[in-house]
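A short write-up of the structure that comes next.
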Amino acid sequence: METDLTKIGMYKDQQYEVIITTIDKDGNSNAAPFGLRVLEDNEVFLRIFEGGNTIKNIKDKGEFIVNITNDPLMFTLSTTNTIPEKYLTRISNKTKNHGELAYLTDADAYFICEVKSLKTGLREDDIKSSDVNFIKSEVVELNIKNKCVKPMNRAIHALIEALVNYSRINIVDENTQKYFLERFLESERVIKRVGNEKEKESIQILKEDLINQGFEI
Ligand SMILES: Cc1cc2nc3c(=O)[nH]c(=O)nc-3n(C[C@H](O)[C@H](O)[C@H](O)COP(=O)(O)O)c2cc1C
């Protein structure tokens, strides 16, 4: 059984945006997006705030599916509510609960995860202060449906936005320049948090160039 996440371009210590699908005790499906960090080739980490359906189902069942997709509609539907059943394929799970699981039918890849440890703590950060669950899970089965699968990462999007603004910074008025520089700082924050080495090097190159041009940043 394949379990090596490097086969789908997911690497240790990197974070990706994924859609997690779960089934509750009554058989209802649920889908929601989450940031997922790779700990080892076959081990992943999630940080999920208390109160949602996904965390409840993960606690009840001890297992879930991670879907790799770049489909904007799937990210939107799963964020605003959940993904309608017509977009899901149900499978009977061969892992410990022998229950039913569901994956996104058009996902480029999906993998079944089994929870190895779940710790809950109080977390205060820029979003909110509430209970948060730290979940380590093992990949028990990886399915690749599209050989060109590429996991979603926020850093490349932030970098492209920063590059577009950079390319326009000398042709806009002062207020817009100020706005671009604020946006640059936000892109830099995202890239430092979830970017790979090339993305971090790129935003640094951009920053130095802006400083050399005389912008205060
Ligand atoms: C791209 C993206 C990434 C997200 N990452 C996380 C995360 O890592 N942890 C978390 O608690 N919520 C995260 N969220 C918010 C959850 O998806 C959101 O709270 C959702 O409503 C939970 O749905 P559920 O009740 O179906 O589980 C993220 C949202 C988006 C759009």
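The values are calculated or read from the model by the stated rules, or taken from the named source; none is laboratory data. Computed from a prediction, not measured in an experiment: that's the story for all the values here. With ideal geometry, Cβ positions are generated from the backbone for all residues, glycine too; neighbour counts draw on all protein chains shown. For the accessible areas, the whole protein counts, side chains as well, though only heavy atoms, and no ligand, DNA or RNA atoms are used. Shrake-Rupley method; radii C 1.70, N 1.55, O 1.52, S 1.80 Å.
Could you please give the count of residues in the stretch 49-70 that are buried (at least 17 other Cβ atoms within 10 Å of the Cβ) and within 11 Å of the ligand (Cβ to nearest atom)?
Of the residues in that region, 5 qualify.
Would you say Asn28 is near the ligand (Cβ under 8 Å from one of its atoms) and either open to solvent by 20 Å² or more (accessible area, probe 1.4 Å) or modelled with pLDDT of 95 or more (or both)? It is false that Asn28 is near the ligand (Cβ under 8 Å from one of its atoms) and either open to solvent by 20 Å² or more (accessible area, probe 1.4 Å) or modelled with pLDDT of 95 or more (or both). Give just the number: which of (1) part of a helix (DSSP H, G or I); (2) open to solvent by less than 30 Å² (accessible area, probe 1.4 Å) does Thr79 not satisfy? The number of the failed condition is (2). Considered as a group, the residues in the stretch 99-126 that are open to solvent by 40 Å² or more (accessible area, probe 1.4 Å) and under 28 Å from Pro84 (Cβ atoms) include one that is modelled with the lowest pLDDT, and that residue is Glu100. Scanning the stretch 165-181 for residues that are without any contact (Cβ under 8 Å) to a residue 24 or more places away in the chain and surrounded by 11 or more Cβ atoms within 10 Å (Cβ to Cβ) gives Asn165, Arg168, Val172, Thr176, Lys178, Tyr179, Phe180. Within the set Leu104, Leu46, Leu36, Leu73, the sole residue that is farther than 21 Å from Ala155 by Cα, of a type outside the set (Asp, Glu) and within 15 Å of the ligand (Cβ to nearest atom) turns out to be Leu104.
Taking the criterion of being over 23 Å from the mean Cα position of the chain (by Cα), charged (D, E, K, R) and open to solvent by less than 80 Å² (accessible area, probe 1.4 Å), the residues of the stretch 188-217 that qualify are Lys207, Asp209.
From Lys119, Lys86, Lys61, grab the single residue that is touching an Asp or Glu at 6+ places or on another chain (Cβ under 9 Å) and not aromatic (Phe, Trp, Tyr). The match here is Lys61.
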